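To start, the structure itself, in structure tokens.
The values are calculated or read from the model by the stated rules, or taken from the named source; none is laboratory data. Every value quoted in this text rests on a predicted model; they were computed, and no experiment measured them. Here Cβ is always computed from backbone atoms with ideal geometry, including for glycine, and neighbour counts include all displayed protein chains. In case anyone asks, the SASA skips ligands and DNA or RNA and just uses the protein heavy atoms, side chains included. Shrake-Rupley method; radii C 1.70, N 1.55, O 1.52, S 1.80 Å.
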Amino acid sequence: MENIQHNSQLPPAIFEEDGGLDFKKIIYTFLQYWLWFAAAVFICLLIAFLYLRYSTPVYQINSKILIKDDKGSPSSDQADLLSQLDIFNTQNNVNNEKEVLQTHYLVRKVVDEMQLNVSCFAVGSLKSTELYKKSPFRVKLIYLKDSVPTQYFNIKFSDNGSAFTIQSDSVNGKYRLNDTVKTTNASFVIQAPGFINDQEDNYQITISTPDAVAEKYLHNLNFDIDDKQASVIQISLEETVPAKGEDILNKLYEVYTRMNEEDKNKIADSTISFIDERLAIVSAELSGVEKDIEHFKVRNQLSTDMTEQATLALNNASDLQKQLTQQDVQISVVQSIEDHLESNEPRIVPTAAVIQDPTYISAVQEYNTLVLERDRQLQTTKSDNPVIKNLDNQIDAVKKNLLISLENIKKEMQIARDELANKNTELLGQIKTGPEKERVFLDISRQQDVKQQLYLYLLQKREETAISKSGTLANSRLIEPGKSDAEPFKPKKSLFYLVAFCVGIFLPTGGIYLKNLLNNTVTDSTDIIKETNAPVVGEIGHNATGKTIVAEQNSRTALAEQFRALRTNLQFLLKGKEQQIIMITSSASGEGKSFLTINLGSTLAISNKKVVLVELDLRKPKLSKELGMPNETGFTDYLISKCKKEELIKPTSIHPNLFIISSGTIPPNPAELLLNSEVDDLFTWLKTKFDYIIVDTPPAGVVIDAVLIGRLADASIYVIRQRYTLKQQLQIVNDFKQNEKMPNLSIIVNDVQLNKHYGYGYKYGYHYGYGYGYNSDYYSDRKKSGRNFFKKTNKA
């Protein structure tokens, strides 16, 4: 029994006995479906090719902007009034500029200037191509309703290009060039600078709202700062038309630079306006002081010469007066800024270098930023907008902080000025002996010096501001204009083909796995080993010939050799001449009992053994029919005493040593008949007449007949058909084996597919060991697939 079990030729499972994977089994399992894989890979690669052929490629356009670091610092020379008002001392921050570049406002400006919300496409049979700067006509947009979905218009030119037919959901009609096309949501004019060939492709116009297009490009734009040590911003854009993407990035930098220059010019214009106002006031005050001096000299007949005695005191007083003059100028500047801030309309506040308080400087920068943002928002929104009101609240809060800071600074300057005035009073007390008129004249002259210095300061600063405005430079530089990659960014051909190839491998792999997972029939030897310990006495391959009898006298086919091997294996089951009765059963109908009974009997008869086939499937007898024998009288007729034992035995045409006892009339009570004592007498008598008695019984998984006959058998053969018998039906074999309901029970596997499974023994052993004896039909039979062997013969 050990040897029979070990020599089973069914293919093993993909798991080895030690629990590991049998990779050789896996490989051969998938190789048998190589056509599936080839077809799946071909189809997936073809789909990938067609997708890449007709999909619109997306290119990546790159650009780089260098942000300049302009660091200004006030002059150390306090006497240089021209360097004390630092207007353009701004610290550029790369991250801040990056945020400015990716604002919706800036991108919307680009969309408006390039009219990116209007596109023209040439409509092809499978895909449409955008005609950027190549369109034979131009669309002039007159009106577009806010917040509407994208509008599509199909255009076909006629009349040598002078007229066109337009179709869409909202308009359908014929127009001529320069006619206004009006719809519910948009109005536009189509103009053609040249000749249009009306035989060319159809065209499609898409019109979207600028905000929607700006949002789309904001999503496709990417801003990166690769090196934290460098002030370079790298900009990338995904676009289907490379030239269009390059123009968008270049226009984005142009608009960004222009906005920066406009912001700086706003500050300069505000400063010039502030200086002009102060010049008018100071000029009037200076004229008044000069007239006072003139009247004083005329009235008092004073000479301009000074006495030598007062020279030293006057020189000291002059120094103090200069310091007082500078302090008065600073106080005047602070007072002017206070007056400027207290005006109702928010305006840019210039940063005065005379004020070194860091809190004040920070507050001024914050205030100017808010004022600029408010001016920018007012270009697109109204003053009652919540955003503007929020900015006004922030400006008022910062203004209050500025006024508080200026008040404190002015108090400090006033204290310093009072100290200088006290010193000047002491000095003037030293020169009391001088003429009183000269002291009065000195006071008037000091007022003249203050007004004159302030007037000169404002004049010089105005010229400086005007010069700075005319020479305003951008705070950035385009170091790499927009440039598209040579190859599309997506879809990537190599990656797409790789994915298609993997999908082509995965789909049949998953299909095969699912097919095997859902298979609940006996497929390989492991299915039998796991479910039962009954030995496998033989395996019979698939019969593709359609003949009932394959084990003939001179047959050298694989099936004939397998039946001869089965005959040899029976020697392990039937030991001695007294063991002659072989019972054949199965789980259900259609597993090949009758086919195996006939060919096993033929194989034994060929070996000069006298064999009788007993048809005991009393419910659905098929053995006689397969052999073309009459079934008028038989086993059941003998039991009811209608014939004698000698009349039961009929010779067959297969071999002189092969006989058959047919079932006879189908009885109403087969099980009860099989319990008759005459059945035992019949088999005892047959053992004296034949070498082997092969009994064809009904399916043991359906009726009890086979179990009743088992008491007479010397060996029981249970037929399992590959890919037909259910795995759970092997539990029937276990039950018969463990409870000894059938003697000497073993298994025959029928309809084994030679060409579909790795590891099948006969495929190798017979092909190479006995190939010289086969006829050519064997090789042609092995190549046939999809034929159901059990059309006639193997279904029992």
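Any chance you could count how many residues in the range 723-749 are open to solvent by 10 Å² or more (accessible area, probe 1.4 Å), outside any helix (DSSP H, G or I) and in contact (Cβ under 8 Å) with a residue 12 or more places away in the chain?
6
Would you point out which residue out of Val298, Val213 is modelled with pLDDT of 80 or more, in a helix (DSSP H, G or I) and among the hydrophobic types (A, V, I, L, M, F, W, C)?
Exactly one of Val298, Val213 is modelled with pLDDT of 80 or more, in a helix (DSSP H, G or I) and among the hydrophobic types (A, V, I, L, M, F, W, C), namely Val213.
Of the numbered conditions (1) within 22 Å of Thr240 (Cβ to Cβ); (2) out of contact with any Lys or Arg (no Cβ under 9 Å at 6 or more places or on another chain); (3) of a type outside the set (Ser, Thr, Tyr); (4) surrounded by fewer than 11 Cβ atoms within 10 Å (Cβ to Cβ), Lys133 satisfies every one except a single condition; which is it?
(2)
Return a yes/no flag: does the range 403-417 have any residue that is surrounded by fewer than 16 Cβ atoms within 10 Å (Cβ to Cβ), closer than 21 Å to Glu345 by Cβ and not β-branched (Val, Ile, Thr).
Yes, the range 403-417 contains at least one residue that is surrounded by fewer than 16 Cβ atoms within 10 Å (Cβ to Cβ), closer than 21 Å to Glu345 by Cβ and not β-branched (Val, Ile, Thr).
Looking at the range 357-387, which of its residues are in contact (Cβ under 8 Å) with a residue 24 or more places away in the chain, open to solvent by 70 Å² or more (accessible area, probe 1.4 Å) and outside any helix (DSSP H, G or I)?
Of everything in the range 357-387, just one residue is in contact (Cβ under 8 Å) with a residue 24 or more places away in the chain, open to solvent by 70 Å² or more (accessible area, probe 1.4 Å) and outside any helix (DSSP H, G or I), namely Thr380.
Okay, residues lined up against (1) in contact with a Phe, Trp or Tyr (Cβ under 9 Å, 6 or more places away or on another chain); (2) open to solvent by less than 90 Å² (accessible area, probe 1.4 Å); (3) more than 30 Å from Gln729 (Cα to Cα); (4) at pLDDT 80 or above:
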residue: Gly471; (1), (2), (3), (4): no, yes, yes, no
residue: Ile479; (1), (2), (3), (4): no, yes, yes, yes
residue: Lys483; (1), (2), (3), (4): no, no, yes, yes
residue: Glu487; (1), (2), (3), (4): yes, no, yes, yes
residue: Leu495; (1), (2), (3), (4): no, no, yes, yes
residue: Leu498; (1), (2), (3), (4): no, no, yes, yes
residue: Phe506; (1), (2), (3), (4): no, no, yes, yes
residue: Gly511; (1), (2), (3), (4): yes, yes, no, yes
residue: Leu518; (1), (2), (3), (4): no, no, no, yes
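To keep it simple, each residue is scored yes or no on (1) touching a residue at least 24 places away in the same chain (Cβ under 8 Å); (2) open to solvent by less than 40 Å² (accessible area, probe 1.4 Å); (3) under 26 Å from Gly601 (Cβ atoms).
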site	(1), (2), (3)
Thr521	yes, yes, no
Asp524	yes, yes, no
Asn533	yes, no, no
Gln553	yes, no, yes
Thr557	yes, yes, yes
Gln571	no, no, yes
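Within the range 216-241, how many residues turn out to be in contact with a helix residue (DSSP H, G or I) (Cβ under 8 Å, 6 or more places away or on another chain), surrounded by fewer than 17 Cβ atoms within 10 Å (Cβ to Cβ) and in a loop (DSSP other than H, G, I, E, B)?
Looking only at that region, the number is 1.
Among the numbered criteria (1) over 19 Å from Leu658 (Cβ atoms); (2) surrounded by fewer than 20 Cβ atoms within 10 Å (Cβ to Cβ), which single criterion is violated by Arg564?
Result: Arg564 fails condition (1) only.
Going residue by residue through the range 648-657, is there one that turns out to be of a type in the set (A, V, I, L, M) and in contact with a Ser or Thr (Cβ under 6 Å, 6 or more places away or on another chain)?
yes
Please determine, by comparing only the residues of the range 8-52 that are among the hydroxyl-bearing types (Ser, Thr, Tyr) and assigned to a helix (DSSP H, G or I), which one is modelled with the highest pLDDT.
Ranking the qualifying residues of the range 8-52, first place goes to Tyr51.
Enumerate the strands (runs of 3 or more DSSP E) found wholly within the range 124-165, keeping only those where 3 or more residues are under 25 Å from Pro57 (Cα atoms).
128-130, 151-158
Of the numbered conditions (1) part of a helix (DSSP H, G or I); (2) among the basic types (Lys, Arg); (3) without any contact (Cβ under 8 Å) to a residue 12 or more places away in the chain, Arg567 fails exactly one; give the number of that condition.
(3)
Please list, ordered by first then second residue, the pairs with beta carbon atoms under 8 Å, 6 or more apart or interchain, first in the range 389-408 and closer than 11 Å to Leu341 by Cβ, second among the basic types (Lys, Arg).
Pairs found: Ile395/Arg374.
Look at Lys68 and say whether it is open to solvent by 40 Å² or more (accessible area, probe 1.4 Å), farther than 17 Å from Glu239 by Cβ, at pLDDT 90 or above and over 29 Å from the mean Cα position of the chain (by Cα).
No: the conditions fail for Lys68.
Would you check if Asn202 is touching a residue at least 60 places away in the same chain (Cβ under 8 Å) and within 18 Å of Val123 (Cβ to Cβ)?
Criteria met by Asn202.
With respect to the numbered conditions (1) touching a strand residue (DSSP E or B) at 6+ places or on another chain (Cβ under 7 Å); (2) open to solvent by 20 Å² or more (accessible area, probe 1.4 Å); (3) not basic (Lys, Arg), which one is the sole condition not fulfilled by Glu463?
(1)
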